[in-house]
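A.B. asks: Below are the structure tokens for one structure; questions will follow.
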Amino acid sequence: MKRSNAPIFWSLFGAGGVLSALLAPVLVYITGIGVPAGAGMPADALAYPRVLAFAQNLSGKAVLFVVIALFLWHAAHRIYHCLHDFGVHPGLATRLMLYGSALAGTAAAALLTIRL
Amino acid sequence: MTRLPYVRPMQGWWRRNPYYVRYMLMETTSVIVALYAVILLVGVWRLSQGQAAYEAWLAALRQPWAIALHGFMLLAMLYHAYTWWKVLPKTLPLIHVGGKPVPGLLLSAAGWMATLVVSAAVYATVRWGGL
């Protein structure tokens, strides 16, 4: 019997779901509201030298890569299954496009964080 | 002659029941998760291009519509976090401690607490920490 690939995608979905449930609200607040609107965060919290130093640090690279990659895999899997609920019955092409986007984003995040 | 089979119309099925509306809201938060990942990815890309490019990314985030969008995204992410932990007990096999099953609400509450603790830790690190 051919082995199913479902557990791989489900695990990535689950891991991304846990990570985004833990981190997405506070990250969206910091980068999208706190710093840009000066609401509860100093404006220099995301200053270039500080963020660059973070992104050049090995653990900083890992955080950025894992957050971007797992968020993308979580979303790709969930959107794929959600399309069915909306009455759109996605075929293989849609699935390849969704997971392909997540893969491309993962590759981009890996390349960028390694080279920083 | 064969008759056409009856296909039950499913158009708009989820709008008929608030429970299903909440389910669909929960599922579509994933679009916002993807959007935020892309915004972060663009930020990392702009960071790799140097200070001017990175600061242009920060300036774009300061646009009023960008802040409004992030306000909406924050609500969606809070709903995602809330529902993720709420349905967690349904996705796990029953966990037993001392021969008794752990109530689902306890697992959800642990998840909500984890989000609070992690959020506070990240906030404090970004605001006051060495990063």
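A.B. asks: What ranking, highest mean first, results for peptides A:6-12, A:77-83 when packing means the other Cβ atoms within 10 Å averaged over each residue?
C.D. replies: So the order, starting with the most tightly packed, is A:77-83, A:6-12.
A.B. asks: Apply the Karplus curve 6.51 cos²θ - 1.76 cosθ + 1.60, θ = phi - 60°, to the phi angles in region A:21-31 and return the couplings in whole Hz, x for Gly and Pro.
C.D. replies: With the stated coefficients, region A:21-31 comes to 5, 7, 10, 4, x, 5, 5, 4, 4, 5, 7 Hz.
A.B. asks: Write down the Kirkwood hydrodynamic radius of the protein assembly as shown, to one decimal in angstroms, obtained as one divided by the mean of 1/r over all alpha carbon pairs.
C.D. replies: 19.8
A.B. asks: With Kirkwood's inverse mean 1/r over C-alpha pairs for Rh, give me the Rg to Rh ratio of chain B, two decimals please.
C.D. replies: 1.14
A.B. asks: Classify region A:8-115 as rounded, prolate or oblate, taking a ≥ b ≥ c as the square roots of the eigenvalues of its Cα gyration tensor: rounded when a/c is under 1.5, otherwise prolate if a/b is larger than b/c and oblate if not. Display every interim value, and only then the final one.
C.D. replies: Details: a/c = 2.67, a/b = 1.74, b/c = 1.54.
Taking the square roots of the gyration eigenvalues as a ≥ b ≥ c, region A:8-115 is prolate.
A.B. asks: Also: Quick one: angle between helix B:64-91 and the longest Cα principal axis of chain B, in degrees between 0 and 90, rounded to 10, please.
C.D. replies: 50
A.B. asks: Could you work out the mean count of beta carbons from other protein chains within 10 Å of each residue's beta carbon in B:8-15?
C.D. replies: Mean inter-chain Cβ contacts per residue within 10 Å come to 2.
A.B. asks: Sticking with this one: Taking θ as phi - 60°, what are the ³J(HN,Hα) couplings along region B:19-34 by the Karplus curve (6.51, -1.76, 1.60), each to the nearest whole Hz, with x for Gly and Pro?
C.D. replies: Along region B:19-34, the couplings run 4, 6, 4, 5, 4, 5, 4, 4, 5, 7, 4, 5, 5, 5, 4, 5 Hz.
A.B. asks: If you line up the long axis of helix A:92-115 against the longest principal axis of chain A, both from Cα atoms, how many degrees apart are they, to the nearest 10?
C.D. replies: With both axes taken from Cα atoms, the answer is about 30 degrees.
A.B. asks: Where does each of A:85-93, B:79-87, B:121-129, A:104-112 land if you order them by average Cβ count within 10 Å, highest first?
C.D. replies: B:79-87, A:104-112, B:121-129, A:85-93
A.B. asks: How tilted is helix B:104-128 with respect to the longest principal axis of chain B? Cα atoms for both, answer in degrees (0 to 90, nearest 10).
C.D. replies: 10
Read the figures in this text as sums done on the coordinates, not as results from a lab. Bear in mind the structure is a predicted one, so any value in this text is a computation, not a measurement. We place every Cβ from the backbone using ideal geometry, glycine too, and count neighbours over all the protein chains shown.
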